Amino acid sequence: MKIKKITNKELLLDTTMQIIAEGGLAFFSMRQVTDACGVSDSLIYRHYETKEKLLFQCYLRVEQKIQALFEQEAIPVIETREDLCRHIHDIWIKYISFLVQNPYQTIFYFEYRDSKYYRSEKAVDRMPFCFWSARAFLEQHANCKLRLEYCRMYLSDVTGSFARRMIGGELSSDSESMELIWNLLWSGFSNLVKSGEVYKTLR
């Protein structure tokens with residue numbers, strides 16, 4: 001079996017995420033990356049030009065991996081609230097498992113999302129195709145087009161907070177712990193969607 005050799009560009013991205021996962025974004029510099037990799041400053045600037053572009057490419061790398069999780073996910077027919085719960089649950093388990101299994105990438109990802117760099121790049125989290133049926137169901141049965149974006153952010157960001165605590169050892173990452181977190185999330189999600197008389201005909 002042939003082992004794929006990591007390129008300089010990939011090494012710079014990977015090292016950047018590890019540095020930020022350990023020390024945060026506040027004092028991050030490109031010099032930290034070149035020193036850690038043992039390469040010249042000119043190399044990192046040739047590949048990424050600016051710190052902002054380097055960070056954005058790191059973000060895209062993780063975002064692409066998250067999207068790839070769901071590329072083969074079937075798009076189900078959702079007709080009831082129970083169908084919706086089951087579908088989102090299955091996707092969520094795959095999502096949080098990925099986050100916990102990729103610790104420094106996860107810490108970087110949410111650190112970046114909370115930063116000024118994320119806003120300045122106008123980065124957007126693309127909704128995987130497998131979520132479209134859930135979105136269509138909510139749009140049909142709930143008067144909450146604005147709240148749909150809130151729901152997506154709620155599920156993603158709160159999951160990120162729990163994942164980081166699992167990575168840090170504050171919480172267990174076993175299946176029992178994940179199901180407990182899911183129950184909390186689903187309860188909050190349901191209340192968020194139902195607030196303000198948004199449900200019309202939800203069965």
Item checked: Whether region 53-99 is rounded, prolate or oblate, judged on the alpha carbon gyration tensor where a/c under 1.5 counts as rounded -> prolate
Margin query: List the aspartates and glutamates whose Cα sits under 14 Å from the Cα of K116, skipping any in the same chain fewer than 8 residues away.
Written below: E52
Item checked: Descending semi-axes in Å of region 1-113, equivalent ellipsoid built from Cα gyration tensor -> 34, 16, 12
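Averaged per residue, what accessible area in Å² does region 1-68 show with a 1.4 Å probe, protein chains only?
Result: 60 Å² per residue.
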Next item on the list: Report the calculated FRET efficiency for K116 and Y150 (r = Cβ-Cβ distance, R0 = 25 Å), to the nearest 0.05.
Entry: 0.70
Check: Excluding ligands and nucleic acids, what accessible area in Å² is computed for E63 using a 1.4 Å probe, to the nearest 10?
Finding: 10
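Under a Cβ-Cβ cut-off of 12 Å, what is the net charge of the residues other than A21 that fall near it, where Lys and Arg count +1 and Asp and Glu count -1?
Here the count lands on -2.
The values are calculated or read from the model by the stated rules, or taken from the named source; none is laboratory data. Predicted, not measured: the structure shown is a model, and the values here were computed from it. Please note: Cβ atoms are built from the backbone with ideal geometry, for glycine as well, and neighbour counts cover all protein chains shown. Ligands, DNA and RNA are excluded from the accessible area calculation, which covers all protein heavy atoms including side chains. Shrake-Rupley method; radii C 1.70, N 1.55, O 1.52, S 1.80 Å.
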